[in-house]
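The values are calculated or read from the model by the stated rules, or taken from the named source; none is laboratory data. Given the structure is predicted, the values throughout are model-derived calculations rather than measurements. Don't worry about glycine lacking a Cβ; one is built from the backbone with ideal geometry, like all the others, and counts go over all protein chains shown.
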Amino acid sequence: MSRLGPNAPCPCDSGRKHKHCCRRLHRGTPAPNAEALMRSRYSAYAVGDVAYLMATTHPDGPHWRDDAGWAEELAAFCESTEFVGLRVIGHGKLPNGEAWVEFEADLRQSGRAVPMHERSRFRRLDGRWLYLDGEVG
């Protein structure tokens, strides 16, 4: 996991210091809403916090796994990717109590730009927001 100082700008591009933004969530404060969780997950990818990514993935989602290989794959992705920027396009609640966040992320792998666009879906479990799945497009 890479070290990011508490006074550094938060990787989620909120404009706030890391210690006043996603770092609190990485250390156990529950995300107040789906957008905050999505931003904190982007930041977790940027700093390589694999444990947080796993803990904030809903067990009913297609990405959740219960094996050591998952952690290794996440760590390899974090190490091979530079997380350059994040833009939230929109967010809202769904009639079934779930929430969505649409975002664009600027990534770089092997020196190449790898833009990403996703509309993610989030669901609560035991009072906490978790990432369920997303449509990449």
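The table below gives the values:
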item: Residue list for the stretch 1-26, filter: surrounded by fewer than 15 Cβ atoms within 10 Å (Cβ to Cβ) and more than 22 Å from Ala68 (Cα to Cα); result: Arg3, Gly5, Pro6, Asn7, Ala8, Pro9, Gly15, Arg16, Lys17, His20
item: Among (1) touching a residue at least 60 places away in the same chain (Cβ under 8 Å); (2) under 22 Å from Gly28 (Cα atoms); (3) surrounded by fewer than 18 Cβ atoms within 10 Å (Cβ to Cβ); (4) not aliphatic (A, V, I, L, M), the one test that Arg123 misses; result: (3)
item: Within the stretch 74-87, tally of residues that are in contact with a helix residue (DSSP H, G or I) (Cβ under 9 Å, 6 or more places away or on another chain), surrounded by fewer than 17 Cβ atoms within 10 Å (Cβ to Cβ) and part of a helix (DSSP H, G or I); result: 2
item: Only one of Val84, Val136, Val88 that is within 15 Å of the chain's Cα centre (by Cα), at pLDDT below 95 and not small (Gly, Ala, Ser); result: Val136
item: Tabulated pairs, the stretch 62-84, first at positive phi, second in a strand (DSSP E or B) and of a type in the set (Asp, Glu), C-beta under 9 angstrom, 6+ apart or interchain; result: none
item: Selected residue (only one of Leu4, Leu25 is part of a helix (DSSP H, G or I) and not small (Gly, Ala, Ser)); result: Leu25
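Per-residue answers, yes or no, for (1) closer than 12 Å to Ala34 by Cα; (2) over 15 Å from the mean Cα position of the chain (by Cα):
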position	(1), (2)
Lys93	yes, yes
Val101	yes, no
Gly111	no, yes
Met116	no, no
Tyr131	yes, no
